[in-house]
Amino acid sequence: MLGLATGSTPIGTYEKLVKQNVEGKVDFAHVITINLDEYVGIEKNNEQSYRYFMNTHLFNHVNVSMQNTYVPNGKADDLSIECQRYDDKINKVGGIDLQLLGIGHNGHIGFNEPGEYFEGNTHVVSLGKTTLEANSRFFASIEEVPTQAITVGMQAIMQAKKVLLLVNGVDKEFILNKALYGPITPKVPASILQLHPDLTVICCLE
Ligand code: F6R
């Protein structure tokens, strides 16, 4: 079970995985994927949806079975039932083996935004100003960025057997330092990763 992220950071990783799959070096035939997050209110075939992102960058190009790929449904009639359904799915397949993560400028992982406490379960989150601004680069204007998302919570991330945090760009240096060497606090959500027993960080801070 592979936990996956969207955003600019893992695009190169997905390109490499596609290439290796085509070359027969990586096989997705028995892989189940579970994505971290999805915007609320966006259809899955909307180009801005994270489902669309994953199909375009990975799923459409490898031998994964589409029915084994999970992304939260941001258009669910009842979002709290959808969150529960998503956690049930993660638990049913025995949790995440390898969780791929990026980090936001505010220290978010998935869409676990800075707050007063670490939220364990999959939940609906209101996106903070920094996140809306950062994500507006994919939209015509900041007003078009959905203000809410569904995100996997800290429990599933922290229970993953391995976590791989990818960090790209000098603009992430400050937050990466805080996350890895600062106090463990929900104000820097990624700081919880200091407690993970098997965390690998790959960063390119240029
Ligand atoms: C998206 C996700 C986010 C991103 C983070 C960094 O699924 O989980 O936490 O990893 O916002 O985004 P980029 O890579 O675009 O800088």
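The values are calculated or read from the model by the stated rules, or taken from the named source; none is laboratory data. Remember, predicted model here, so these are calculated numbers, not experimental data. A quick note on method: Cβ atoms are made from the backbone with ideal geometry, for glycine too, and the neighbour counts reach across all protein chains shown. Accessible surface is based on the protein model in full, side chains and every heavy atom, while ligands, DNA and RNA are left aside. Shrake-Rupley method; radii C 1.70, N 1.55, O 1.52, S 1.80 Å.
Filter the range 78-97 down to the residues that are aliphatic (A, V, I, L, M) and in a loop (DSSP other than H, G, I, E, B), then identify the one that is most open to solvent (accessible area, probe 1.4 Å). Even if it seems obvious, please write down each step before you answer.
Of all residues in the range 78-97, those aliphatic (A, V, I, L, M) come to 79, 81, 90, 93, 96.
With the extra rule that they be in a loop (DSSP other than H, G, I, E, B), the set shrinks to 93, 96.
Values: Val93: 54, Ile96: 5 Å².
Among residues in the range 78-97 that are aliphatic (A, V, I, L, M) and in a loop (DSSP other than H, G, I, E, B), the one most open to solvent (accessible area, probe 1.4 Å) is Val93.
Scan the range 7-28 and report the pairs whose first residue is over 23 Å from Gly104 (Cβ atoms) and whose second residue is open to solvent by 60 Å² or more (accessible area, probe 1.4 Å), with Cβ atoms within less than 7 Å and a gap of 6+ or a chain change.
Hits for this filter: Val18/His61; Asn21/Asn63; Val26/Gln20; Asp27/Asn63; Phe28/Asn63.
Within the range 160-181, count every residue that is exposed (fewer than 15 other Cβ atoms within 10 Å of the Cβ) and of a type outside the set (D, E, K, R).
Looking only at that region, the number is 5.
Among (1) touching a residue at least 60 places away in the same chain (Cβ under 8 Å); (2) closer than 24 Å to Ile11 by Cα; (3) open to solvent by less than 40 Å² (accessible area, probe 1.4 Å), there is one condition Gly115 misses while meeting the rest; what is its number?
Condition (2) is where Gly115 drops out.
Quick test for you: out of Lys44, Lys75, Lys19, pick the one residue that is open to solvent by 40 Å² or more (accessible area, probe 1.4 Å), of a type outside the set (S, T, N, Q), farther than 22 Å from Lys161 by Cβ and not in a loop (DSSP other than H, G, I, E, B). Quick ask: steps written out before the conclusion?
On the way: Lys44 fails: not in a loop (DSSP other than H, G, I, E, B); Lys75 fails: not in a loop (DSSP other than H, G, I, E, B).
Lys19 is the lone residue from the list that is open to solvent by 40 Å² or more (accessible area, probe 1.4 Å), of a type outside the set (S, T, N, Q), farther than 22 Å from Lys161 by Cβ and not in a loop (DSSP other than H, G, I, E, B).
Can you name the strands (runs of 3 or more DSSP E) wholly within the range 104-195 that have at least 1 residues being modelled with pLDDT under 95? I'd like the intermediate steps shown before the answer.
Working: elements: 123-126, 148-151, 162-168.
Because the criterion is at least 1 residues that are modelled with pLDDT under 95, the strands (runs of 3 or more DSSP E) in the range 104-195 that meet it are 123-126.
Looking at Gly120, Gly74, Gly115, Gly110 in this structure, which one is within 14 Å of the ligand (Cβ to nearest atom), small (Gly, Ala, Ser) and within 26 Å of Leu193 (Cα to Cα)?
Gly110
Give the range 47-70 a look and list any residue that's farther than 23 Å from Lys19 by Cα and either part of a helix (DSSP H, G or I) or hydrophobic (A, V, I, L, M, F, W, C) (or both), or say none.
Hits for the range 47-70: nothing passes.
For the range 182-206, how many residues are charged (D, E, K, R), in contact with a strand residue (DSSP E or B) (Cβ under 6 Å, 6 or more places away or on another chain) and surrounded by 13 or more Cβ atoms within 10 Å (Cβ to Cβ)?
Count: 0.
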